[in-house]
Amino acid sequence: MLSKVKSVSLKGLEEIDVIVEIDISRGLPSFNIVGLPDEAVQESRERVRSAIKNAGFEFPLHRITVNLAPAEVRKAGSVYDLPIAIGILTATEVIHSPDAVNKFHFAGELSLDGGIRKISGALPMAIGLSEKKAHFVLPFDNKDEVEVISGIDAYPVKHLNEVVEFLNGDRSIAPSHQTISDKLKEGGEFEFDFSDVKGQFQAKRALEIAAAGGHNVVMMGSPGCGKTLLARRLPTILPPLSEEEAIQVTQIYSVAGLLRDGIITERPFRSPHHTSSSVSIIGGGRIPKPGEISLAHNGVLFLDELPEFRRDVLEVLRQPLEDGFVTISRAKETITYPSRFMLIAAMNPCPCGWYGDPVHQCSCSVYDIKRYRNKISGPLWDRFDIQIELPRLLPEEMAGQTGGETSKEIRKRVVNARKMQNERYKGTGIFSNAQLTPKLMKEFIPLGSEERSFMVNASERLGLTGRGFDRILRVARTIADLDLSKEVKLPHIAEAMQYRIDLSII
Ligand SMILES: [Zn+2]
């Protein structure tokens with residue numbers, strides 16, 4: 001008896017159809033699976049065998065061969081437990097109608113008692129299947145993440161028995177649907193607020209500009225000045241996720257196996273430790289998983305103690321920062337994950353942390369400080385449109401009661417500035433000022449003669465490189481947007497020039 005069951009695989013976030021073929025023939029009892037990585041085969045066989053028996057069905061004492069096709073598609077093991085079990089039960093005619101089976105795609109891990117367990121990647125699988133107008137039988141615990149996808153009929157199931165009854169027409173399961181918009185309306189609840197942080201008004205202003213234009217920020221200051229407190233609050237002033245963005249973020253968490261309850265409605269904030277490997281930051285592994293830069297997609301990647309990160313890790317960040325996606329090459333395939341994030345970094349001014357502090361004495365030599373700062377390459381430093389030094393808080397600021405505006409108030413201005421950018425960049429393929437290329441800048445930031453000569457003078461005086469010049473213009477564009485001004489004027493440029501640190505000046 002031969003049976004065929006449709007299932008799915010993923011290449012990055014792209015869904016690929018897999019056919020599970022099961023042949024049961026006379027001969028000594030055996031159970032072989034081909035087309036799966038070796039280490040996954042053994043476990044899958046045990047789970048399928050136990051699940052079928054414990055669900056109350058007979059496991060055939062014949063020669064069973066399972067083939068997962070196409071062979072060249074990489075397959076993660078446990079997703080195929082359910083389709084393999086369905087195939088065996090169809091071949092042994094426990095499930096009467098192969099035509100009924102053929103209507104669906106199946107994915108699910110089995111537990112030994114026949115229960116069906118949550119899988120990774122259900123959302124991108126469902127999105128791919130929805131484009132094919134396919135019907136998808138999947139674990140009940142994956143229901144919350146896929147039910148917002150329109151155009152797919154998803155049938156959530158908890159136990160193998162349920163699936164058999166369903167396919168035999170003895171039970172009905174309603175496909176599950178929900179709309180995403182209710183979940184997104186306020187952009188999530190945050191436990192932090194900008195008004196919790198006392199003082200540091202210049203840094204707060206800089207972060208508002210960064211949020212408004214999508215600019216990367218580096219903050220330099222002594223320990224305890226509030227760098228981490230401020231970075232953590234950045235997602236609270238970013239615009240709420242759009243429906244499309246929320247689905248993109250959720251897909252990545254789904255593939256990474258990090259999804260807890262349904263669709264993600266808040267912008268992600270990731271803060272990997274400085275000892276992290278490049279694989280954990282960029283992504284990869286035997287079955288390539290998204291790294292921190294993709295988990296931060298549409299959100300914030302915070303690198304605290306920037307110079308302490310391994311230099312090779314920092315250097316591999318540059319390309320994805322530019323492209324908005326990352327390509328991971330493995331032996332047999334190349335996978336792409338999105339990685340458009342805001343990079344926020346924090347660093348001390350010197351190894352001991354107290355260089356420039358009016359109270360603490362710095363114990364570092366000039367050589368130590370230079371070596372510390374040299375860990376960050378010029379090209380990486382240039383990726384930070386906004387560079388700010390945070391002063392030690394004055395005693396009256398520490399004692400002050402007020403932290404200033406709430407995140408909600410700041411976010412209103414950010415949202416308005418983003419609206420101006422959305423209109424301006426319609427059809428150009430970019431969404432924010434941070435993404436402006438030199439060519440686009442000519443078109444979108446026309447300067448008056450006064451502004452132009454001010455910029456030229458300043459860049460001579462400050463010894464700006466071409467990249468430094470562009471960085472100031474991009475930030476000035478955002479400051480003008482926050483001002484709801486169509487043109488970039490002198491005060492906008494003058495303010496933008498303040499967000500700049502020359503690392504070589506010690
Ligand atoms: Zn020092």
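Using beta carbons and a limit of 9 Å, which pairs, at least six apart or on different chains, have the first residue in the range 4-30 and free of Cβ contacts under 8 Å to residues at least 12 places away in the same chain and the second one assigned to a strand (DSSP E or B) and surrounded by fewer than 22 Cβ atoms within 10 Å (Cβ to Cβ)?
The qualifying pairs do not exist here.
Just checking, how many residues over the range 163-179 are in contact (Cβ under 8 Å) with a residue 40 or more places away in the chain, touching a helix residue (DSSP H, G or I) at 6+ places or on another chain (Cβ under 9 Å) and surrounded by fewer than 20 Cβ atoms within 10 Å (Cβ to Cβ)? Working first, answer last.
Our first condition is that a residue be in contact (Cβ under 8 Å) with a residue 40 or more places away in the chain; within the range 163-179, this holds for 163-164, 167-169, 175.
In the following step, the residues that additionally are touching a helix residue (DSSP H, G or I) at 6+ places or on another chain (Cβ under 9 Å) were identified as 163-164, 167-169.
Adding the requirement that they be surrounded by fewer than 20 Cβ atoms within 10 Å (Cβ to Cβ) leaves 168-169.
Total meeting the criteria: 2.
Tell me which residues, restricted to the range 16-41, are surrounded by 12 or more Cβ atoms within 10 Å (Cβ to Cβ) and closer than 19 Å to Arg286 by Cα.
Within the range 16-41, Ile16, Val34, Gly35, Leu36, Pro37, Ala40, Val41 meet the criteria.
Quick one: what pairs do we get from the range 221-234, first residue at pLDDT 90 or above, second of a type in the set (Lys, Arg) and buried (at least 22 other Cβ atoms within 10 Å of the Cβ), C-beta under 9 Å, 6+ apart or different chains?
Listed pairs, sorted by first residue: Gly221/Lys227; Leu234/Arg267.
List every residue pair whose Cβ atoms sit under 7 Å apart, with the two residues 6 or more apart in sequence or on different chains, where the first one lies in the range 429-452 and is within 26 Å of Met342 (Cβ to Cβ) and the second, anywhere, is part of a helix (DSSP H, G or I) and modelled with pLDDT under 90.
none
Go over the candidates Lys419, Lys412, Lys370 one by one and state the one that is modelled with pLDDT of 90 or more, surrounded by fewer than 18 Cβ atoms within 10 Å (Cβ to Cβ), within 16 Å of the ligand (Cβ to nearest atom) and not hydroxyl-bearing (Ser, Thr, Tyr).
Working: Lys419 fails: within 16 Å of the ligand (Cβ to nearest atom); Lys412 fails: within 16 Å of the ligand (Cβ to nearest atom).
Result of the check over Lys419, Lys412, Lys370: Lys370.
(1) under 29 Å from Ala211 (Cβ atoms); (2) more than 14 Å from the ligand (Cβ to nearest atom); (3) in contact with a strand residue (DSSP E or B) (Cβ under 9 Å, 6 or more places away or on another chain): which one isn't true of Pro288, the others all being true?
With respect to (1) under 29 Å from Ala211 (Cβ atoms); (2) more than 14 Å from the ligand (Cβ to nearest atom); (3) in contact with a strand residue (DSSP E or B) (Cβ under 9 Å, 6 or more places away or on another chain), Pro288 is out only on (1).
Only one of Arg477, Arg452 is surrounded by 14 or more Cβ atoms within 10 Å (Cβ to Cβ) and among the basic types (Lys, Arg). Can you tell me which?
On the way: Arg452 fails: surrounded by 14 or more Cβ atoms within 10 Å (Cβ to Cβ).
It is Arg477.
Looking at Gly429 and the list (1) under 24 Å from the mean Cα position of the chain (by Cα); (2) more than 18 Å from Gln498 (Cα to Cα); (3) surrounded by 12 or more Cβ atoms within 10 Å (Cβ to Cβ); (4) of a type outside the set (A, V, I, L, M, F, W, C), which single condition is not satisfied?
Only one criterion in (1) under 24 Å from the mean Cα position of the chain (by Cα); (2) more than 18 Å from Gln498 (Cα to Cα); (3) surrounded by 12 or more Cβ atoms within 10 Å (Cβ to Cβ); (4) of a type outside the set (A, V, I, L, M, F, W, C) is unmet by Gly429, namely (3).
In the range 278-325, what residues are crowded, with 18+ Cβ neighbours inside 10 Å and more than 22 Å from Ala231 (Cβ to Cβ)?
Scanning the range 278-325 gives Gly283, Gly284, Pro288, Lys289.
Considering (1) in a strand (DSSP E or B); (2) of a type outside the set (Phe, Trp, Tyr); (3) farther than 23 Å from Lys227 by Cβ, say which one Ala417 fails and leave the rest.
It is condition (1) that Ala417 fails.
Which residues, counting only those in the range 126-160, are part of a loop (DSSP other than H, G, I, E, B) and modelled with pLDDT under 95?
Lys132, Lys133, Ala134, Glu147, Val148, Ile149, Ser150, Gly151, Ile152
Name the pairs: first residue in the range 358-386 and farther than 10 Å from Leu503 by Cβ, second residue within 12 Å of the ligand (Cβ to nearest atom) and in a helix (DSSP H, G or I), Cβ to Cβ under 9 Å, at least 6 apart or on different chains?
Taking only residues 6 or more apart or on different chains, the pairs are Cys362/Ile369; Cys364/Tyr372.
Between a residue in the range 249-263 that is over 11 Å from Pro290 (Cβ atoms) and any residue that is at pLDDT below 85 and part of a helix (DSSP H, G or I), which pairs come within a Cβ distance under 7 Å, given they are 6 or more apart or on different chains?
Ile263/Lys183
In this structure, does Ile344 turn out to be more than 16 Å from the ligand (Cβ to nearest atom), closer than 26 Å to Gly291 by Cα, modelled with pLDDT under 95 and buried (at least 16 other Cβ atoms within 10 Å of the Cβ)? Spell out the reasoning first.
Values: more than 16 Å from the ligand (Cβ to nearest atom): yes; closer than 26 Å to Gly291 by Cα: yes; modelled with pLDDT under 95: no; buried (at least 16 other Cβ atoms within 10 Å of the Cβ): yes.
No; evaluated as a whole, the condition is false for this residue.
Output the number of the condition that Thr92 fails; it satisfies all remaining conditions of (1) among the polar types (S, T, N, Q); (2) within 39 Å of the chain's Cα centre (by Cα); (3) surrounded by fewer than 20 Cβ atoms within 10 Å (Cβ to Cβ).
Result: Thr92 fails condition (2) only.
The values are calculated or read from the model by the stated rules, or taken from the named source; none is laboratory data. Note that the structure is predicted; figures quoted are calculated from it, not measured. Neighbour counts are summed over all protein chains in view; Cβ atoms, including those assigned to glycine, are modelled from backbone coordinates with ideal geometry.
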